[in-house]
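One structure is given below, encoded as structure tokens.
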Amino acid sequence: MRLSAVLLFFLAFCRFSFAGGFQVNAQSPRQMGMGHTGTGLLTDASCLFFNPGGAAFLDHRFMVNAGTNLLFHHTEYLEPAPGIYTAYMQPHVGTPFNAYALWHGTTLSAGVGVYTPFGSLAEWPDDWKGQFLIREINLKTIFIQPTVTWKVNDYIGLGAGFVYATGGFEMRQGIPVQDANGNYGEATLNGSAGGYGFNAGLFIHISDNWSAGLSYRSSVNVKVENGDAKFTVPSSLADYFPNTTFSSAIKLPSVLNAGIGYTNDKWKFALDLNYIGWHTYDTLRIDFAEHTDKLSDIRSPRMYHDTYILRGGAQYSLNDKIQLRAGIYYDHTPVKAGYLTPETPDSDRIGVTAGASWTFLQNLSADVSFLYIEAMKRTDTNIETGFSGTYKTRVLSPGIGLNYQF
């Protein structure tokens, strides 16, 4: 029972710390259509996220754009051979969103972005084989980023933004003790968190056709204070699992981005490389307000490794009102062998994207995008829990957005 309590908080905060095992790459419908590129190529005010330095070279005086995606996950679990047990994650829909407003001046520009870079919803059947590891988890985060950009000259733009992060999560997990009716116990965890960081970028307008950029999104030190931990167990065990509070802190990874873009009358091409500093997540620390013989503070090594995402995308202007887009990316998992869990069944993945824009009024346009993710099948045994299995995940994500500019 002590192990169950430790795993509850270990797994719950692990889920929180890196947003369901992966970033939410849905920060602009236009950029999504091009493989979620944007470090070295301009499209709209979403450059506040992708590269704040690029705002210096946008053509319009004022720009506002907002969008959202629907994330449909399909994940299945298969127990190790010779077993034939299979479980499926319950259907659910994630709804990341983004909104940007930018005022463009001659030398200085200013704007604000609101986006959701981390978030996840996962629910397994309450009676599935891994219920003592996870039944359900729901994570929501929002980043708010006021930004200033300086046009140094006709070739160089610099930008930086302050990031305030806020969020919350809920989690349920079975406990392997039964009441008089044979029902297993359950533990729930609720918490809110906050942190601070920054986003900075350099954009280089090389020529009429070529551009390049570098940007850096800092790690965010997320702190949880007075989170609620509640246990439903037989009364004879209540003293060992008291309802209590906990605190913790963990660093979300930094992201270093490099990109290049090419533009002519009809085409736009972009290539981005994202380097994600997952090494900041080396140890999980949880401090409980109350301790018992079965419940104590946690110091659990994770030792994640830095990883990368390679992205490419293209846009074709069919005419003055319609643009078509396509893209692809390869995302390398930061989860080492021995650390795979059912709430973060992460693996290397390939994403394929498509999108389009339609200008239906003089200053107003609509964007649509679509993302398909194929995650590689992965088999692993978690070194801390001993839980083994094979996981396979697919994701479908349509998106929509609106842009207003003058």
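Computed from Cα positions, the angle between helix 2-17 and the longest principal axis of the chain comes to roughly 10 degrees. Under the convention that each Lys and Arg Cβ holds +1 and each Asp and Glu Cβ holds -1, the size of the dipole of the chain around its Cα centre is about 680 debye.
Note on the chain: dipole from Cβ charges, positive end direction compared against GLY161, ASN363, GLY386; the farthest Cα belongs to ASN363. Among ILE156, ILE383, ILE250, the largest mean-square fluctuation in a Gaussian network model of the chain (Cα springs under 10 Å) belongs to ILE383. For segment 312-406, the list of trypsin sites (Lys or Arg not before Pro) that fall in a loop by DSSP and count at most 14 other C-beta atoms within 10 angstrom reads LYS321, LYS336, LYS377. Count charges around ILE322 for me, please; just the other residues with Cβ under 15 Å from its Cβ, Lys/Arg as +1, Asp/Glu as -1. Result for the neighbourhood of ILE322: +2. Short-range pairs are left out: with C-alpha atoms under 8 Å and at least six residues apart, the relative contact order of the chain is 19 percent. The mean accessible area for residues of the chain, using a 1.4 Å probe and ignoring ligands and nucleic acids, is 42 Å² per residue.
Cβ under 13 Å from GLY277's Cβ, GLY277 left aside: what net charge do those residues give with Lys, Arg +1 and Asp, Glu -1?
So the environment of GLY277 carries a net charge of 0.
Give me the accessible area of VAL64, 1.4 Å probe, in Å² rounded to the nearest 10. Approximately 50 Å² for this residue.
Rolling a 1.4 angstrom probe over segment 121-224 with all protein chains present gives an accessible area of which 56% lies on carbon and sulfur atoms.
Other residues whose C-beta falls under 15 angstrom from the C-beta of GLY401 contribute a net charge of 0, scoring Lys and Arg +1 and Asp and Glu -1.
When only the Cβ of Lys, Arg, Asp and Glu is charged (+1, +1, -1, -1), the dipole of segment 162-272 relative to its Cα centre reaches about 320 debye. In order along segment 398-405, phi translates into HN-Hα couplings of x, x, 8, x, 10, 10, 10, 8 Hz, rounded to whole numbers, per the Karplus curve 6.51 cos²θ - 1.76 cosθ + 1.60 with θ = phi - 60° and x for Gly and Pro. Straight Cα distances below 28 angstrom link LYS268 to the lysines LYS151, LYS321, with same-chain residues fewer than 8 positions distant left out. In segment 340-388, the portion of solvent-accessible area held by carbon and sulfur atoms comes to 65 percent [1.4 Å probe, whole percent, DNA, RNA and ligands not counted].
Using θ = phi - 60° in the Karplus curve 6.51 cos²θ - 1.76 cosθ + 1.60, the 3J(HN,Hα) couplings for segment 128-139 round to 6, 4, x, 4, 7, 9, 7, 10, 8, 8, 9, 10 Hz; x is entered for Gly and Pro. On a 19 Å Cα-Cα criterion, which of the cross-link pairs LYS129/LYS294; LYS251/LYS377; LYS223/LYS336; LYS129/LYS392 come out too long? From LYS129/LYS294; LYS251/LYS377; LYS223/LYS336; LYS129/LYS392, over 19 Å: LYS129/LYS294; LYS251/LYS377; LYS223/LYS336.
The values are calculated or read from the model by the stated rules, or taken from the named source; none is laboratory data. Quantities reported herein were computed from a predicted structural model and do not represent experimental measurements. Backbone-built Cβ (ideal geometry, glycine too); neighbour counts: all protein chains shown. Calculation scope for accessible area: heavy atoms of the full protein, side chains included, ligands and nucleic acids excluded. Shrake-Rupley method; radii C 1.70, N 1.55, O 1.52, S 1.80 Å.
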